[in-house]
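Colleague: This structure is in structure tokens; I'll ask about it shortly.
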Amino acid sequence: MARRILIVTAVQAEADVIGQPTGTFVVAGGIGRTNASAATTETILSEGPFRGVINAGVAGSLPGSGLSIGDTVIANKCVYVEEGLMTPDGFQTMKQMGFPLGDFDGNEVPVNSLMLERLSTIGNVAPIATVATCSGTDEQATLVATRTNCICEAMEGAAVVHAARRVGAPAIEIRTISNTTGNRHSQEWDIELALSNLGKTVNEAITRLWDSK
């Protein structure tokens, strides 16, 4: 029987708190966009077909988000932060440059609308930033928030959803907040709470997606 939902995390600790819910295949694909996209594509090709893909993990809240540590965010889009061009007049997105990253608008990778509808009451629905360099200064955190209008940042979401999209698999990103961003020495962290909530959230998401016809 074909597995229905692929869950891609970055690290094993995230995979461990999710477990192996019935009807899923959980893989810790590695940190960052290259690992994420490669693991997603490889797993879909070797273990599929899948009816849906979830990128799940912890994330850092961005300035002005109103998020607390432990909160859940369901992506309504996944935004590549760095792809573009830095000019004397400021940053240009791929759309402003006139080059597509895919069959979507600029740097914003769409999530599957049906998955979003079914999961929208689990947590905060908002854009999630995908970064190559995490925000360890106040200036960088503010830059990411201002450039993307996202409320949190992680390192894999856009790549997972993008890779799934290329092979026709519906996908979405789910994050729980483990830390604040900004000055590294004044960041607040609670990995244990974030991981605990991640396990509960993803299992609830699986139930909602599994039970939906």
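Colleague: Under unit Cβ charges (Lys, Arg +1; Asp, Glu -1), what dipole magnitude, rounded to 20 debye, does the chain have relative to its Cα centre?
Modeller: 680
Colleague: Given a 1.4 Å probe and heavy atoms of the protein chains only, how would you sort E139, E82, largest accessible area at the top?
Modeller: So, going from the largest accessible area down, we get E139, E82.
Colleague: Right, next: Which order, highest average first, do 195-207, 39-51 follow once you tally other Cβ atoms within 10 Å for each residue and take the mean per peptide?
Modeller: Ranked from most to least packed, the peptides come out as 195-207, 39-51.
Colleague: Shifting gears a bit: Just for the chain, what percent of DSSP beta bridges are antiparallel, to the closest 5?
Modeller: 30
Colleague: Using a 1.4 Å probe, what is the accessible area per residue for the range 62-206, in Å²?
Modeller: 46
Colleague: Hey, any idea what % of the chain's accessible area is carbon plus sulfur with a 1.4 Å probe?
Modeller: Result for the chain: 51 percent of the exposed heavy-atom area is carbon or sulfur.
Colleague: Rounded, prolate or oblate for the range 27-125? Axes are the square roots of the Cα gyration tensor eigenvalues, ordered a ≥ b ≥ c, and the cut-off for rounded is a/c under 1.5.
Modeller: It comes out oblate by the Cα gyration axes.
Colleague: Any chance you could look up the accessible area of E117 with a 1.4 Å probe, heavy atoms only, rounded to 10 Å²?
Modeller: 130
Colleague: Give me the extension gain from E139 to D16: residue separation times 0.36 nm, minus the current Cα-Cα distance, reported in nm with one decimal.
Modeller: Full extension from E139 to D16 adds 40.9 nm.
Colleague: Now a separate question. Using only Cα atoms, find the angle between the long axis of helix 138-148 and the longest principal axis of the chain, and express it within 0 to 90 degrees, rounded to the nearest 10.
Modeller: Around 70 degrees separate the two axes.
Colleague: Continuing with the same structure: Report the one residue of T43, Q92, G23 whose Cα lies farthest in the direction of the positive end of the charge dipole of the chain (charges on C-beta: Lys and Arg +1, Asp and Glu -1; origin at the Cα centre).
Modeller: Of the options given, the answer is G23.
Colleague: For the chain, modelled as a GNM with alpha-carbon contacts under 10 angstrom, which of I174, I128, I31 fluctuates the most?
Modeller: Between I174, I128, I31, it is I31 that shows the largest mean-square fluctuation.
Colleague: Further question on the same structure: Grab the DSSP H runs of the chain that are 4 residues or longer, score each as -39,500 (n - 2.57), total them, divide by all residues and round the 222 nm result to the nearest 500 deg cm²/dmol.
Modeller: Only helices count here, giving -10500 deg cm²/dmol.
The values are calculated or read from the model by the stated rules, or taken from the named source; none is laboratory data. In this text, all values refer to a predicted model and were calculated from it rather than measured experimentally. Note that each Cβ is placed from the backbone with ideal geometry, even for glycine, and that neighbours are counted across all protein chains shown. Just so you know, the surface numbers come from the protein's heavy atoms only, side chains and all, with ligands and any DNA or RNA stripped out. Shrake-Rupley method; radii C 1.70, N 1.55, O 1.52, S 1.80 Å.
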